[in-house]
Amino acid sequence: MLKLILPAIHLFGLVGFILYKAKSPFFQFMKDRQRDISEGLNKSKTQANMAAQRKKEIEAKFSMLESEKNMIAKEWEEKRQKQSQAVQESAVRVIAQTRREAEQNRVALESGVAAETLADFKRAVLVQAKEKIQKSLSPEIQARLQKRFLNEISGGGAR
């Protein structure tokens, strides 16, 4: 047993010595690790605060954009209504103008047609009268009328 106790004492002594020598670097590592974790957490908190602040700014800008969008939509609707009203008013004026022009054209056309119809009627009456007269006149009277007409044309004067 003594043989086992002595190596165990040596082993515990060696482990104790290693722990004593390693204690300083191990504790330094743990302190550094704790400091790094604390700094990381502080950076994370700072970044989270900055992100929250940036989020608030973006939300504020978004709400401003939303109100600006609504304002622009309202302006567009007002312009569209004004244009629609202007088009309707213009259409009413154009329709009234077209009706006046159509009435003027109708009156002019009716008077032109009436004048042409009257002229055609007069020509037809004269042609029919001429034909009736020629048919009802004897050849001697026709010859005398032709002679008188030729004298008048040639400058001989009327008899």
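Kindly check whether there is at least one residue in region 145-158 that is exposed (fewer than 10 other Cβ atoms within 10 Å of the Cβ), among the hydrophobic types (A, V, I, L, M, F, W, C) and part of a helix (DSSP H, G or I). Checked against the condition, which is being exposed (fewer than 10 other Cβ atoms within 10 Å of the Cβ), among the hydrophobic types (A, V, I, L, M, F, W, C) and part of a helix (DSSP H, G or I), region 145-158 yields at least one hit. With LEU2, LEU6 as the choices, which residue is loosely packed, with under 10 Cβ neighbours inside 10 Å, among the hydrophobic types (A, V, I, L, M, F, W, C), out of contact with any strand residue (DSSP E or B) (no Cβ under 9 Å at 6 or more places or on another chain) and without any contact (Cβ under 8 Å) to a residue 24 or more places away in the chain? After ruling out the rest, the residue left standing is LEU2.
Coordinate-derived values only; no laboratory data. This one's a predicted model, so the numbers in the text were calculated from it and none came from an experiment. Positions of Cβ are backbone-derived with ideal geometry, glycine not excepted, and every protein chain shown enters the neighbour counts.
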